[in-house]
Every structure is written in C-alpha cells, then in structure tokens.
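Structure, as structure tokens:
What follows is calculated from the coordinates using simple rules that are stated; it is not laboratory data. Only a predicted model underlies this, so the values are computations on that prediction, with no experimental measurement involved.
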Amino acid sequence: MKVISTDKAPAAIGPYSQAMVTGSLVYTSGQIPLDPATGAVAGEDIVSQTEQVIANLKAVLEAAGTDLTKVVKTTCFLKNMGDFAVFNGVYAQHFTGNPGRSCVEVSALPKGVLVEIEAVAEL
C-alpha cells in the first residue's frame, strides 16, 4: 500500500491519510470544502462547497496518478437532503462517467460543512 499526500488539498484533520493506493485502486478519504491554502471552509452554500470538495478530490486523485474520469464509486454525505437536486447539478458537471454512488443525509459533518465526498478510482 502507498500513502497519498498533497498540499493541493487540505491536510487530514485526524489520524488518517488523504488517500491510499492498493493494487490498481486509490481510495480517498472523505473530502470536505476546506480551502487548502487557508484551512477555512470555502463558501456557505451547497454549490460553492461542492465545487471545493470536488477540487480537493481532483488534487488528491492527481497526486495518486489518476483523475475524476477513472472514479468507479463515490460516497456522498449531505447535511440536508433538500440540497440533493442542486448538489446533483454540480456533481454531474464533474463526474461525467456516472460512477456508482451512494448519497445519504447525515446529522453533522466536520466543521459544520454541508457536504463531504469520498471516492474510489482506478489508476
């Protein structure tokens, strides 16, 4: 296994890595909408936060040697399922290969954010 780390995405805020590679797959940790330069939450609405989460995922995947087109599965966590349609609009612009996905509402996310996404991708 190989640990993936990049300063182009937020550092882990706990005892975990940004991603791990095993075999031909990369497993990302959940990304939240933190600006990697400042550590601050990026935006207050689901659109801006989803865009930042996806930018963070892209950075981690690129550090591993892959990209969003090779994502085979995502797990998405929303603070409010009322944001589902708007979230889907942003998500669909970036995950054009329509990977497998689970999307659930959760009662809380780190730092009070609205969205978190983790991904599994081929190398």
Restricted to the chain, the DSSP antiparallel beta bridge percent, nearest 5, is 75
Aspartates and glutamates with Cα under 20 Å of Lys70, excluding same-chain neighbours fewer than 8 positions away
Glu51, Glu62, Glu116, Glu118, Glu122
Eligible aspartates and glutamates near Lys111 by straight Cα distance, threshold 16 Å, same-chain separation 8 or greater
Asp35, Glu44, Asp45
